[in-house]
Structures are given as structure tokens and as C-alpha cells.
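Shown next, in C-alpha cells, is the structure this report addresses.
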Amino acid sequence: MYAAIPLLPLFAALVAGFGAKFIGDRGSQLVTCGAMLLAAAIGIVAFIDVALGHHTQTIELFRWIRSGSFDVAWALKLDTLSAVMIIVVTVVSSCVHVYSVGYMSHDHSKPRFMAYLSLFTFFMLMLVTADNLVQLYFGWEGVGLASYLLIGFWYDKPSANAAAIKAFVVNRVGDFGFALGVMGVFFLFDTVSFDAIFAAAPAKASMSIHFLWFDAPVMTVLCLLLFVGAMGKSAQLGLHTWLPDAMEGPTPVSALIHAATMVTAGVFMVCRLSPLFELSETALAVVTIIGATTCFFAATVGLTQTDIKRVIAYSTCSQLGYMFFAAGVSAYGASMFHLMTHAFFKALLFLGAGSVIHAMSGEQDMRKMGGIWKKIPTTYALMWIGSLALAGIPFFAGYYSKDMILEAAWANGTGVGHYAYWLGLIAAFMTAFYSWRLLFMTFHGAPRADHHTMDHVHESPMVMLLPLFVLAAGALFAGYIGYDHFVGEGREAFWAEALKVLPAHDSIEAAHHGEEWPGQLPLVSGILGIALAWVFYIGVPSLPSATASALKPLYLFSFNKWYFDELYDAIFVRPAFWLGRVLWKRGDGATIDGLGPDGLTFVTRSLSRRTAALQTGYVYHYAFAMLIGVVTIVSWYLYRRVG
């Protein structure tokens, strides 16, 4: 029965994609939504059985590859870690599928869109249930392909095409490192099966490998290569530039891929490979530093963005940083806890933003909104729930998971742990500020849209609102319900063998017995952020523009996203174009074609023209040529005779 969880979305994608002519738009929606709801129901059963009932199992479907010692099975690994991901992916994907029925009601390619959503879900489920690195890589690349298709769904928009290509290219950079890591693991362990790798890892921990020009601990090299893949997929600092641009895709895509599922694949992978990361202090430190820096960076950029979806996108990037630095301080349970709670409240915010965009006739600029909360009160209330959870206000889901991450970072007791704590604390303040900035600019104040748009502002249909209520329930109760299992007293029984933490690294245990103030400051930061946003956008509305003018360099630095795009354009894009032109014009055109096909053609044509010029049509010319020929032959004959 559990094998149906990933296979149902695949079946739905094939039917909707190839059978659209026979079943039509409504049939495609019914097939994909029905399959996802059934998969979600089975996923809930699997979570109860596997995670709560501790019935860990591996379901082998068939042997996939067998070549010498390289033996790969297509199997579903069902343990607590995969069960958590299954319930997150299936529930959120079901909500997005149903929401899309209303949101995409005016689109002309509904079957294609629904098929892409289901195809993405299939690949994501294959990723989280993988029993080995090759199957994980299959799902990893599959979600990359599906995200490319979904981001560029409106292919008649040049900006959507550019965003899709950018996401694909940037992810290839990370995936190259991930592929090297997979190859290195097979080279070291002679297997790609997780169970076999984890069993042999402690014996390999002290080995070194000659990498580039120095000898390095083999576990550090492998973990860092694998983490490069996670950086690309989860939009960490340096490989993050694709995520905001991906908002060019339809809003349901943003909710499914860029809030709850694909971007968390890197976090899942690090947690799945915790038995390897635990053996490398260096790798854990790198994960912590990158995660904390990303958390801070993305929060600073979110302060100044004006596109409602981009604000939430940078918020996603920041929250992923929290998850990574939690994993870096060995608080894997807290990392997965925040992954789960974040999936609910961030998907709620994205779909709520879609409801706002739907009400505003496609407008996404918050500067052109305002004064609409009375016209869409349900969406307004649901956005409040999502924002309260994001800001970590008691007793919403984000309060339990984010606070535990910060407490664990402080309790880790290392320099990088304290670095992560303070940056995370500052990011918590900024998160609360930009969340309420979004609420106040979007829903409050004087209307800034034109009269025509304001006259047509309306609440979304029930097919769009029902999924929001489901996600709001998760944003309200998931933290309280899951706390004991994920990070509380029941965590060891809950996670069992799914996560590996060395006793010396158990930062969650240290957090439970540590000081109280590190867990209280995040709430203070959140309240201060909300209060400051109220002052700026409700109390004294002239403050934002005055502050931006007074701090113009800092404002532009944030608004232009720390100039990462411009920097990459100068370092990579322009030199690549220059090199391409040189190779095209001078290499291919002048050298290869010039000396090759074009050169031979030119010589042949020149000789032909000169030969043709000899054919004048005058008899005396031909007689003279014959005379020259006779003289040449006689001269040659006499020369040979005399010689």
C-alpha cells in the first residue's frame, strides 16, 4: 500500500499530461487532485504506523542497476525521517493542487500545469523515500527538472523563461558538487546504500584523501561536496540568486516548490546523512556558518522588497538558513521540526499572497495596495496566522521550532554556535518587521490602487480558501503537537535510528538544561520587530521614506540584494559571453571555418573563376595556348635527353 504514495502522483501526471484531449480540463483537475488527496491519506497512515508506531521498513520494488559491485535497488525507505517528509509533501501538495483549481481557472493550459505539479510531487516523494544515493540523486534531478518546467510555465513571458533557465543553471552548479560527493562515497564505501554506508562510516572517519593539492580528511571532503548540492537546491548564500527570480512562476508553484518541498531537500539530505556529518567537525562548522549567514543576509534583503511574493521568497531563504545552522550544531531534530512547521505557515503565506494577487487583478507590488482588509477579511485573517507563526509568537507553530533552534545554537557552546545564535536573533527581529510591513502595506492604510482595481477587489472562491484553512491549522497546532516528539523528551524514541547524533554533540539536550535567557530573547525580538513595523507603517507613515533617504547607501544595498546579481554578472556572465564571442568569431568562424570548409570553398571558387577566365572564345588564344604547350613538352623532352 505504501508504494502507492509516490506512484499515485506519477499516474496522475501521466494521465493529465497525455490524456488531456480525452478527459479535458476538469478531468485533469479531478485526476490529479484525487490522486494527491489519496496519497496524502495513505501518507498520514504511514506516518502513524512508521513514525508513531515505530514500524520502520524498506520496501524493495525491483533491482535497478547491477554492474560488478555497483548494485542499486529501487526501494522505499520508510523511517521516521521519510515519514515526516511524506506527510509534509503530500499534505502541502494536496492543498496546492486544490488551490490551483481556482487560481488557474482562467489559464489555457490547466492539464499541463496540473501534470507538472503531480510530476514534481512524484520526484519529491522519490527523493525523500530513497534507500540509496542514486535514487536520491534521481529524485534530486527530477525536482530540478520539474521546477524548471513550473517556473517557466508561462513560457510566453521572457522573464519567466529567464528565471527558469537561471534556476536550472544555478542548481547545476550545486548538483555538480553533489554528484562528485555521491561518486566519492561509492569510491570510499563501494556501495551507495544508506544502511551499508552508515554502518561502515565510523571505521573510515580517520582516513585522508589527496584532494586537489593537499591531504584532507575524507569525511570532510565528502560532506562538503554533498553540502554544495544542498546549497544549490536550498538556496543558501552564494547559490541563492535563483530563488527570488523563481517567483515568475504561478503562485501555487511558489507555495509548493519554493516554500515547503524542493527547497527543503537540502535540509533533508543533510539530516539523512547525519551519520557522515557527525564525523566531521569542519563540515558541521561550515554548515553552521553558511546557514547563519544566509539567515541574516536574506532577512536584510526582505526588509526593502516591494513585490509581495519576493518578500516571502527571501523569508523562505532566511528560514532555510535557520534549518541549516540547526543541523550544523547537530540539532537535526530541531531542523526537521522547523522544516515541518515552516512548510505549513510559509505555504499559507504564499497561497494567501496568491489570494491577494487574485483579488487585486494580478497586482503584486505592495506599494499599489493598501486598504483592502475589509474586502477580503478571510484572507487577511489567514495571513495574520501565517505571519504570527513566522515571527515566532506564542503559541503558533514557529514559536516552538525557531526558539529551539536558537536555544540549541547557544547551548552548542562553540564559537560558530554563538555566531549562529546572534545572527539568528537579529534575523528574528527583522523577520517580524518585514512580516508586519507586508501586512500593513498590503491591507492597511489608504488605498493606493486605481479605482478600477479597488472596485473589483473580492474574496477568493472557496476552492482557494479551503486549502488555506488546512495550512492555517498546521500553522496553529503543528508546533504544540510535535514539540515533544521532535525535540522534547520523546525525541529519542521518535527518531530512533533515523538521525545520528554523537553524545558530545547533543545540543538539544544541552538546550533543555541550559540558561533560560537565550530562549526568551527571540520572543522579545519578535515583539520589537512588530512594534517597529507598526510605528513605521501605521503610526508615522512618513518614516519609511525618511529612513530610506537618510540611510540611502544601506537601503540601496538591501534593495539591490547585496548586488549579488551584478557581481555574478561581472565575474561570470560577461566573461562567459566575451569568451563565447571570441570562440565563435575567431575560433569557429575565422580559424575552423576559415581554414576548413569556408577556406576550401574559397580556394575552389577562386581557381574555378581563374580557369573559367581562360575560356575566351577566341581561336588565336587557343592556338597560342597550344603553341605554349608544344614548346613546353619539347623543352621538357630535350631537357630529359640532354640530362
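Things worth noting here:
- Under-5 Å amide H pairs with Ser234, H placed in peptide plane, nonlocal only: Gly266
- To the nearest ten degrees, helix 281-302 and the longest principal axis of the Cα atoms of the chain are 80 degrees apart.
- For segment 398-552, the relative contact order is 48 percent, taking Cα pairs closer than 8 Å that sit 6 or more residues apart in sequence and dividing their mean separation by the residue count.
- Cα shape, segment 459-536, gyration tensor, a/c 1.5 rule: oblate
- Shown is the FRET efficiency for His108 and Asp195, computed with R0 = 60 Å from the Cβ-Cβ distance and rounded to the nearest 0.05: 0.80.
- Average accessible surface area per residue within the chain, 1.4 Å rolling probe, Å²: 42 Å²
- Taking label positions 7 Å along the Cα-Cβ direction at both Asn161 and Thr547, the computed distance is 4.1 nm, reported to one decimal.
- Debye-sum result for segment 329-380 in log10 I(q)/I(0), which assumes one identical scatterer on each alpha carbon, at q = 0.23 Å⁻¹: -0.84
- CD proxy at 222 nm, helix term only [per DSSP H run n ≥ 4: -39500 (n - 2.57); per residue of the chain; nearest 500]: -22500 deg cm²/dmol
- Each label point was placed 7 Å from the Cα along the Cα-to-Cβ direction; for Arg172 and Val524 their separation is 5.0 nm.
- Axis of helix 133-151 versus longest Cα principal axis of the chain: the two differ by about 80°, to the nearest ten degrees.
- Dividing the convex hull volume of the alpha carbon atoms of segment 234-288 by its residue count gives 67 Å³ per residue.
- Exposure of Asp593 as accessible area (Å², to 10), given a probe of 1.4 Å and all protein chains: 50 Å²
- Protection proxy ranking of 385-392, 273-280, 616-623 - average other beta-carbon atoms within 10 Å, highest first: 385-392, 273-280, 616-623
- Close amide H pairs (under 5 Å, H built 1.01 Å from N) link Ile209 with Ala216, Val218, residues at least 5 positions away or on another chain.
- Length gained on full extension, Phe187 to Ser206: 5.2 nm, using 0.36 nm per residue less the C-alpha separation.
- Carbon/sulfur fraction of accessible area - segment 239-287, other protein chains in place, 1.4 Å, %: 57 percent
- Förster radius 30 Å - calculated FRET efficiency between Phe11 and His55 (Cβ-Cβ, nearest 0.05): 0.70
- Along segment 503-508 the Karplus relation, 6.51 cos²θ - 1.76 cosθ + 1.60 evaluated at θ = phi - 60°, assigns HN-Hα couplings of x, 5, 9, 6, 6, 5 Hz to successive residues, with x for each Gly and Pro.
- Segment 447-549: GluC sites (Glu not before Pro) in DSSP coil with no more than 11 other Cβ atoms inside 10 Å: Glu489, Glu515, Glu516
- Annotation: average projected area of segment 407-559 is 13.9 square nanometres, based on the convex hull of Cα atoms across all directions.
- Residue-span extension gain [Ile48 to Glu492] - 0.36 nm each, minus C-alpha spacing: 158.2 nm
- Legend: distances between Cα atoms for Lys157/Lys368; Lys166/Lys561; Lys110/Lys346; Lys402/Lys561; pairs beyond 18 Å are Lys157/Lys368; Lys110/Lys346; Lys402/Lys561.
- Once backbone amide H atoms are built at 1.01 Å from N, Leu61 has Trp74, Ala75, Leu76 as its partners under 5 Å, excluding neighbours fewer than 5 places away on the same chain.
- The phi-based Karplus calculation (6.51 cos²θ - 1.76 cosθ + 1.60; θ = phi - 60°) puts the 3J(HN,Hα) values of segment 164-177 at 5, 5, 4, 4, 5, 5, 4, 5, 5, 4, x, 5, 5, x Hz, whole numbers, x for Gly and Pro.
- Val630/Asp593 FRET efficiency (R0 35 Å; Cβ-Cβ; nearest 0.05): 0.20
- Estimated D of segment 244-375 in µm² per second, where Rh is the Kirkwood radius over Cα pairs and Stokes-Einstein applies at 25 °C, 0.890 mPa s: 158 µm²/s
- For segment 1-153, the relative contact order works out to 29 percent when only alpha carbon pairs closer than 8 Å and six or more residues apart are counted.
- Translational diffusion of segment 511-610, µm² s⁻¹ [Kirkwood Rh, Cα pairs; Stokes-Einstein; 4 °C; 1.567 mPa s]: 63 µm²/s
- Backbone HN-Hα couplings from phi across segment 39-52 [Karplus 6.51/-1.76/1.60, Hz, Gly and Pro as x]: 4, 5, 4, 5, x, 5, 4, 5, 5, 5, 6, 7, 7, 8
- Value in Å of the Kirkwood radius, where segment 151-241 supplies the Cα pairs that are averaged: 14.9 Å
- D_trans [Stokes-Einstein, Kirkwood Rh over alpha-carbon pairs] for segment 203-265, 4 °C, 1.567 mPa s, µm² s⁻¹: 94 µm²/s
- For the chain, the alpha carbon convex hull comes to 267 Å³ per residue, rounded to a whole number.
- With Cα atoms, 0 to 90° folded angle of helix 619-642 axis to the chain main axis: 80 degrees
- Computed lengthening from Phe62 to Met1, 0.36 nm per intervening residue step minus Cα-Cα distance: 20.4 nm
The values are calculated or read from the model by the stated rules, or taken from the named source; none is laboratory data. Keep in mind that what you see is a predicted model, and the values were worked out from it rather than measured. Using ideal geometry, Cβ is built from the backbone for each residue, glycine included, and neighbour counts are taken over all protein chains shown. To get the accessible areas, we keep the full protein, side chains included, count just its heavy atoms, and leave off ligands, DNA and RNA. Shrake-Rupley method; radii C 1.70, N 1.55, O 1.52, S 1.80 Å.
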